[in-house]
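What follows is a short report on a single structure.
The values are calculated or read from the model by the stated rules, or taken from the named source; none is laboratory data. Computed from a predicted structure; not experimentally measured. Here the Cβ positions follow ideal geometry from the backbone for every residue, glycine too, while neighbour counts run over all protein chains shown. Heads up: the accessible areas ignore ligands, DNA and RNA and are worked out on the full protein's heavy atoms, side chains in. Shrake-Rupley method; radii C 1.70, N 1.55, O 1.52, S 1.80 Å.
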Amino acid sequence: MTAVTAVASPPRVRIGGFSLRERGTGATVLIAAVATAFAVVLLSATAFLSASISANPHVGESRTFAVVSGILTSLLVGVAVYVASIVTANTFATVVAGRVRQIALLRLLGSTARSQRRDVARLGLVAGIVGAVAGLVGGTVLSFAGVWVLENAYGIAAPGLELIRPVLLVPAAVVALTTWAGAWAGSRRVLRVTPMAALGQAVEASTQELSRSHGRTVAALVLGASGVGLLALGVVVGLSSPYGVLIAFPGGLLSFTALALGAHLVMPPVLRLIGRLFGRSAVARLAAENALRHPERSSRMAIALVMGVALVMMFAVAGSSAIGVLVASAGGEAPPEMTAGFTGFTTVMMALVAVCGVIAAIGVVDQLALGVHQRRREFALLRALGLSSRQVRLVVLLEAVHLVLASLVVGIVLGTAYGWAGAQAVLGSVKLTPDAAATLVWPVIPPIPLIVVIAATVVVALVATVVPTRIATRTSPVAALAQD
Amino acid sequence: MDDSTTPPPPAARVAHLTKTYGSTDNPVRALDDVSLSIGRGEFTAIMGPSGSGKSTLMHVMAALDAPTSGRVWLGETEITGLGDTELTLLRRRRIGFVFQAFNLVPTLDVRGNIALPIELDGRAPTALERARIDGLVESLGLANRLTHRPHELSGGQQQRVAIARALATAPDLVFADEPTGNLDSRSGAEVLRLLQTASREHGQSIAMVTHDPIAASHADRVVHLADGRVVADTRGQSAEEISAFMTARELRATEAAS
């Protein structure tokens, strides 16, 4: 890591005070690497499948497979990159927020806001490029390892397979550029820092973030309404034709985008509700109030995790609901090979979209640490006033649980709704009995994926407390209170 | 020894206190064999130029930092050698703090900030504490600010909230670290008057660290520190006298150096 930093951060980046050593950039590099590696492995996997299908004398070359796998790969990589750029934007917004005084001082000394913002964005580009290159290498190594295992352990041959292809550079470039874009979007706040902030009091200026843009709220509402409308229409059309899913699908995409845009509308009420569950003790209140201190930041941090959970649950519920219909249509006993096929497909899809959850989790872990790091003085004050180190740990743990629990609940609800809508749109026109009009699909939540998702988020919450706890308990009250 | 002439035990006491920072090759001696008692019910100012060791002394006495050698008592309790949890409980229950800046928790409103040390104890305020808090809120003029957050208050108001918090538990000793350092002279004078009142009318023991002669002149007693040692211990000095004393010392130090 240090070698990478030394090579990749030219002195210019440090003029603005931002370097790759900045807290938060490590996670950005990691996220870019995971997204790129995911794309590389996915592209290699489809190349492998396509090569082994072509080698099969009974099937021969399949254009349909190429087209379908191409679309699927683009969609999956697209969603992963999307989630990654939300997380990146949020990381950079948090970094900038913790640096307001320093930025203000530089502004006071004559630096322009635009050049400050360019510095931040450039750091994003550098982090994106470093991550993309690491992901390219890592993904290629993983692909070679995977092919070796498949060929040697399972005897599946893929003649003529090329794993190192120019096309792999496309996702790498996309990731590097979206990381840059995410950093740019997240650094918007730099523009609002006035030189006066350098002279201001040490008290945090505002609990509510002021950037509630109306355009964004309107866009979220419009997109959300049309998305839900299309979803509903798709479900209704699906009662008579399986093509309902073609209407429901864009509805799903639109409402999902609305969710990302309108996170600041959806998440704060949920966070408030869950915060209330913790009770009224001082420790619980300190933890719960924190998630609402920067509602916009917490919401975006949570929404990435919501998306990961929702995507996994969507495939889980869609698959199980579809199997439910299969069983019913077969009169109680579905053909085992069909059930197995469905289960296999949804399991693979769940594993693939889980990458989004991993990316979001990295973001949560990193941003909680950033938040605590930026509040060292507050923890020092609390320690001086008599917060024991056990209580410090509890505050940090509750903070992580708060965010993760809110994301989990919203994600499961949304995932179930999306999964059911998809299954209903596809299967609504299946006639269970010759004279039946249409089929109402019951949403089935399969227990094993649900347990896995809950367990994974519990792990995220626990991992997310490790670094912040260390920061919060190791800060000596004297040192933190002495610094200005 | 006659019991009737025994003075009450001091609010806090340190004996042969030494604190060194830095490496063993190049140690910086912040405190150099300091012995001192803080009288019960008194308002004591600890004065000195920056680097005199006054902040270090306060941190050690307030159980925020450990001395290199020497012993520290709060009331009858010796705090040197106590574990982190015991020190935490001690600070929570028996010590009050007013800092120069960043005194309040930004996510809690005024009421939450005042009651914080009590609530950290995992209990509701007792009837006595409630009455005391109500009285403080009233006399500090915070009654219509109880639901405000710190960022909605002026610097002087924030400092008054911090004072209410420090006095709410009627602690053995209140430490005030440059409490007027960030305030304009009017709010500063008001804060000093409030501390003085707490001491005179309610017998609250207060130790205030400051480098400002005017702030120190509000105290009953002024302890002067320089280069980690107690160099003078005076009572009833005016701001001018304190200022003159400091200037004289500085002059002598400059002459000695040249």
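Taking first residues from segment B:243-257 that are under 13 Å from B:PRO49 (Cβ atoms) and partners that are of a type in the set (Val, Ile, Thr) and assigned to a helix (DSSP H, G or I), the Cβ contacts under 9 Å between residues at least 6 apart in sequence or on separate chains come to B:SER243/B:ILE214.
For segment B:19-59, the set of residues classified as part of a strand (DSSP E or B) and open to solvent by 20 Å² or more (accessible area, probe 1.4 Å) consists of B:LYS19, B:THR20, B:TYR21, B:VAL28, B:ARG29, B:ASP32, B:ASP33, B:SER35, B:SER37, listed by residue number. A:ALA461 fulfils the conditions (1) surrounded by fewer than 23 Cβ atoms within 10 Å (Cβ to Cβ); (2) at pLDDT 90 or above except for a single criterion, (1). Selection of segment B:197-222 for residues being open to solvent by 20 Å² or more (accessible area, probe 1.4 Å) and in a helix (DSSP H, G or I) yields B:THR197, B:ARG200, B:GLU201, B:HIS202, B:PRO213, B:ILE214. Return the only residue of B:VAL98, B:VAL105, B:VAL110 being within 14 Å of another protein chain (Cβ to nearest Cβ) and touching a residue at least 60 places away in the same chain (Cβ under 8 Å). The conditions single out B:VAL98.
Selection over segment A:159-187 of residues that are part of a helix (DSSP H, G or I), open to solvent by less than 60 Å² (accessible area, probe 1.4 Å) and within 12 Å of A:VAL40 (Cβ to Cβ) gives a count of 4. Being in contact (Cβ under 8 Å) with a residue 60 or more places away in the chain and β-branched (Val, Ile, Thr) is true for just one of A:VAL95, A:VAL137. Which residue is that? After applying the criteria, what remains is A:VAL95. The residue that is nearest to the other protein chains (Cβ to nearest Cβ), counting only those in segment B:162-196 that are assigned to a loop (DSSP other than H, G, I, E, B) and farther than 30 Å from B:ARG123 by Cβ, is B:ASN182. Within the set A:ILE303, A:ILE359, A:ILE274, the sole residue that is touching a Leu at 6+ places or on another chain (Cβ under 7 Å), over 29 Å from A:ALA425 (Cα atoms) and either in a helix (DSSP H, G or I) or open to solvent by 10 Å² or more (accessible area, probe 1.4 Å) (or both) turns out to be A:ILE274.
Only residues that are open to solvent by 10 Å² or more (accessible area, probe 1.4 Å), in contact with a helix residue (DSSP H, G or I) (Cβ under 8 Å, 6 or more places away or on another chain) and closer than 15 Å to A:ALA248 by Cβ were counted across segment A:417-444, and they come to 7. Residue count for segment A:277-300, restricted to those that are hydrophobic (A, V, I, L, M, F, W, C), away from chain B (no Cβ under 11 Å) and either part of a loop (DSSP other than H, G, I, E, B) or under 17 Å from A:GLY371 (Cα atoms) (or both): 1.
Mind listing just one residue for me: the one in segment B:61-84 that is β-branched (Val, Ile, Thr) and either modelled with pLDDT under 90 or open to solvent by less than 20 Å² (accessible area, probe 1.4 Å) (or both) and, of those, farthest from B:ILE206 (Cα to Cα)? So, considering only residues that are β-branched (Val, Ile, Thr) and either modelled with pLDDT under 90 or open to solvent by less than 20 Å² (accessible area, probe 1.4 Å) (or both), the one farthest from B:ILE206 (Cα to Cα) is B:ILE79.
For segment B:113-142, the candidate set comprises residues that are more than 10 Å from chain A (Cβ to nearest Cβ) and of a type in the set (S, T, N, Q); within that set, the residue that is least open to solvent (accessible area, probe 1.4 Å) is B:THR126. Whenever a residue of segment A:141-152 is surrounded by 15 or more Cβ atoms within 10 Å (Cβ to Cβ), its partners that are not in a helix (DSSP H, G or I), lying with C-beta atoms within less than 7 angstrom and at least six residues away or across chains, give the pairs A:SER143/A:LEU163; A:VAL147/A:ALA158; A:VAL147/A:LEU161; A:VAL147/A:LEU163; A:LEU150/A:ILE156; A:GLU151/A:ALA157.
Within segment A:188-225, the set of residues being part of a helix (DSSP H, G or I) and either modelled with pLDDT under 70 or within 14 Å of chain B (Cβ to nearest Cβ) (or both) comprises A:ALA197, A:ALA198.
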